[in-house]
Amino acid sequence: MRKFIGAALLLLPATLHAEPLTFDAALQRAQSEAPSLKGREAGVTAAQSAAIAADRLPDPTLDVGIRDFPVTGPDAGRFNRDDFTMTTIGVSQQFINPAKRHARAARAGADIGIAETGVEVEARNIRLETALAWVDLYYGERQLNELKLLDESLSDLQSTVTARLTSGSARPSQSLEPDQLRAQVNDRRSALMAEIAKARARLSRYTGDPNPSVAGAPPELTINRSALLAGVSDLPSLRALDAQTAAMDAETRLARADKTPDWKVSATYGRREPNYGDLFSVGVSIDLPLFGRKRQDPRIAARASEAERARFDRLAGEREAIAALEGDLAEHAMHHARMENARDNLVPLARKRAKLDFDSYGAGTVDLGTALLATLTVAEAEVDLLVRQAEVARDAIRINLTYAGDRP
């Protein structure tokens, strides 16, 4: 009984995930299951933890030692014969200049921004890839169903051919024509099944479902060109470049802060032989950045140039995003026009031609090959319409998930 319960518990996750996924459910599951997104979130936590100590002073230093111990002469190796020998204990504290500490805090804040935008970019990429995989699986299965209907119609046609062969109104070679067409359909089915398997594998990658299936229909997405263009500057990918610019600005400030001296305070207590008095020392050490032209200034110039490069990268990134959006919108308009043409013209014309050819075949005015070709043409038109519908759906999903808000 215990073994049975254990096996049932092992199978429970697979059972839970066997439920078909709607479009929204697939996105939600990918959001919660994707390990890459959890890794990015861990990076944010790491950056936030590192920022806590970014502008803190260094820990104090404990110094313990022996000073002025004789190693030659008559008192060599003796602690109690020389009034200079002593054991010392001291504490020192370094004080980083405020400008440097503030720059380090700004750099840590920029690192948090980089990590956070990395989460947003990865989350958007996961949603996009999951949505595209779902759409590919949905339309792939619909195309496969069209081929199944064609195969069934070929079986009905085979019965007609057999009857005509029996009556002597058809040539024996015509009995092979349905099988030839069925062989062509099998090739299409094999290629389509491979595409479906790849789409299912991609959906499994992001949702964690070992054998995902789809339910429902894709969402009806609208595209608002003006709103998309207005929101380009707020894309996560561009905010990531903004965070990189902030990081380079902080590095420039940090380089400039090197020209302001740091300083250190130390205090030491010296214990000597009891016949002599103990000693106490205190001191201050100050950095002297006297050679800025050869040391600090070149580093400042390098960091400033990197910050300038980051700004140009940001500008180039925004222009690239706008150009990509315009290109995607143009491609979507083209795909939409092709889909409407297939729906309104190509498919109806193929159906009409097939009906005319089959009526002519029944009347004996055309041969079987012509009727079969008309059947294949209808199937091709139906499948092509589904392909074009998938292109339109993929375009709308890609545009909305890439350039619009988090929810398509």
*asked:* Give me the three principal axis extents of the stretch 205-297 from the C-alpha atoms, as integers in angstrom, largest value leading.
replied: 96, 43, 21
*Mind checking the full-extension length gain between Arg295 and Lys38? Use 0.36 nm per residue of separation minus the Cα-Cα distance, one decimal, nm.*
88.3 nm
*R0 = 56 Å: FRET efficiency of Asp359 with Thr222, Cβ-based, nearest 0.05?*
0.85
_Total charge dipole magnitude, the stretch 250-303, about the Cα centre, Cβ charges on Lys, Arg, Asp, Glu only, Debye to nearest 20_ = 380 debye
*If ligands, DNA and RNA are left out, what is the accessible area of Arg67 with a 1.4 Å probe, given in Å² to the nearest 10?*
110 Å²
*Stokes-Einstein at 25 °C, 0.890 mPa s, Kirkwood radius from Cα pairs: D for the stretch 300-407 in µm² s⁻¹?*
138 µm²/s
*asked:* Counting only Cα atoms, I'd like the Rg/Rh figure for the stretch 168-322, Kirkwood definition for Rh.
replied: 1.47
_Under the rule of at least 5 residues apart or a separate chain, name every residue whose amide H is placed under 5 Å from the amide H of Phe95._
Trp263, Lys264, Val265
*Where does the stretch 308-367 land on Rg/Rh, using Cα atoms and the Kirkwood Rh?*
1.57
*Hey, can you rank 215-227, 127-139 by average C-beta count inside 10 Å, highest first?*
127-139, 215-227
_Simple spin-label estimate for Ala404 and Arg67 in nanometres, 7 Å along Cα-Cβ_ = 7.5 nm
_If I stretch the segment between Asp313 and Leu279 completely, what's the gain in nm (0.36 nm per residue apart, minus their alpha carbon distance), one decimal?_
6.2 nm
*So, with +1 on the Cβ of K and R and -1 on the Cβ of D and E, and no other charges, what is the size of the charge dipole of the stretch 250-408 about its Cα centre, to the nearest 20 debye?*
1040 debye
*Mind listing the phi-derived Karplus ³J(HN,Hα) values for the stretch 110-121, rounded to whole Hz, using 6.51, -1.76 and 1.60 with θ = phi - 60°, and x for any glycine or proline?*
5, 4, 5, x, 4, 5, 5, 5, x, 5, 5, 5
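The values are calculated or read from the model by the stated rules, or taken from the named source; none is laboratory data. On a predicted model such as this, the values are computed, not experimentally measured, just so you know. Reconstructed Cβ throughout: ideal geometry from the backbone, glycine too, with neighbour counts over all protein chains shown. Heads up: the accessible areas ignore ligands, DNA and RNA and are worked out on the full protein's heavy atoms, side chains in. Shrake-Rupley method; radii C 1.70, N 1.55, O 1.52, S 1.80 Å.
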